[in-house]
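Presented below is the structure to which this report refers.
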Amino acid sequence: MTTETTAEPFHGRTLVIDSATEACSVALFENDALLAGDFRMLGRGHAEALVPMIAQLPDRGRAARIVVALGPGSFTGVRVGLAAARALALAWGSEVIGYSTLAMVSAIARDQAGAVPVATAMTGGHGEWFIEGFAKDGSVTRPLTSLRPDAAAAAVTEEVVAGTQAQALVAARGNGTALAIWPDARAFPLLPAHALTADTRPLYGRAPDAKLPGGLPGPQG
């Protein structure tokens, strides 16, 4: 994935959309100040809930910059968020940039636990967990991968583990601090600038489930 980032301070309104997991959240910022936001644990139904949530924001969420979660997470949830961001950007003439769901989780964890290394552990597909390691400044120390729970527990070495499977991973490993965290658009200012990317292709944490005729990769999840 391209790591082109938006490092310069942004002045103006930013709409943040995160529908990549069981949680669905939106937030509208003026510079770094939160104007309004909404967070809901939906499980399913993101397609029906997301646009009304945006419409309830001031000025119906209109912003010069739209920031959207790229995953990893639910295949459908990631696509719903990206489709909404791209459609609104086309209508408003806005810039669209993205971020990793796990980067958001780790940023929230560092805000709660202090500037410490954090491992993320999130529900993946086919019984696996998405894991990734982050330094205390938010840079990636162990790349995103999707592993069975036992392999994930063996791979994670950080004391602090955050995410939807943090408690299960810490229990399986037998030590550490677990922070049960879902990504939240309202926490956007916690993301380091290097976590933002202009490459808004969906971010998957595992190989394609199937191949199309001719050996081309099929949909990922």
Out of residues 5 or more away from VAL96 or on other chains, whose amide H comes under 5 Å of its own, with H placed 1.01 Å from N in the peptide plane? ILE66
With Cβ to Cβ distances under 10 Å as the rule, what net charge do the other residues near ALA23 carry (K, R +1; D, E -1)? -2
HIS126 to ALA91: extension gain in nm, 0.36 nm per residue of separation minus the Cα-Cα distance? 8.9 nm
Neighbour counts of other C-beta atoms within 10 Å: give me HIS46, HIS126 arranged from fewest to most. HIS126, HIS46
Any idea what the dipole of region 137-192 comes to, in debye rounded to 20, about its Cα centre with Lys/Arg Cβ at +1 and Asp/Glu Cβ at -1? 140 debye
Could you please rank SER74, SER106, SER25, placing first whichever residue has the fewest other Cβ atoms within 10 Å of its Cβ? SER74, SER25, SER106
Under the rule of at least 5 residues apart or a separate chain, name every residue whose amide H is placed under 5 Å from the amide H of TYR204. none
Rounded, prolate or oblate: which one fits region 102-179, using the alpha carbon gyration tensor with axes a ≥ b ≥ c (rounded when a/c is under 1.5, else prolate when a/b beats b/c, else oblate)? prolate
For the chain, what is the charge dipole size about the Cα centre, in debye to the nearest 20, if Lys and Arg each add +1 at the Cβ and Asp and Glu each add -1 at the Cβ? 400 debye
Using a cut-off of 13 Å between beta-carbons, work out the net charge of the residues near HIS46 (Lys and Arg +1, Asp and Glu -1, HIS46 not included). -1
If a/c stays under 1.5 just call it rounded; otherwise compare a/b with b/c (prolate if a/b is bigger, oblate if not). Do that for region 49-182, with a ≥ b ≥ c from the square roots of the Cα gyration tensor eigenvalues. prolate
Estimated FRET transfer efficiency (THR76, LEU34; beta-carbon r; R0 25 Å; 0.05): 0.35
By average C-beta atoms within 10 angstrom, highest first, the peptides 194-203, 152-161: 152-161, 194-203
Could you derive backbone 3J(HN,Hα) for region 152-165 from the dihedral phi with the Karplus parameters 6.51, -1.76 and 1.60 (θ = phi - 60°), listing whole Hz in sequence and x where the residue is Gly or Pro? 5, 4, 6, 7, 7, 10, 5, 5, 9, 10, 10, x, 5, 10
Full-extension gain in nm, ASN175 to ALA55, via 0.36 nm per residue minus C-alpha separation: 38.8 nm
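Any read-out appearing in this document is the output of simple, stated calculations on the displayed coordinates, not a laboratory observation. Values in this document were obtained by computation on a predicted structure and should not be read as measured data. For neighbour counting, all protein chains shown are included, and Cβ atoms are generated from backbone atoms with ideal geometry for every residue, glycine included.
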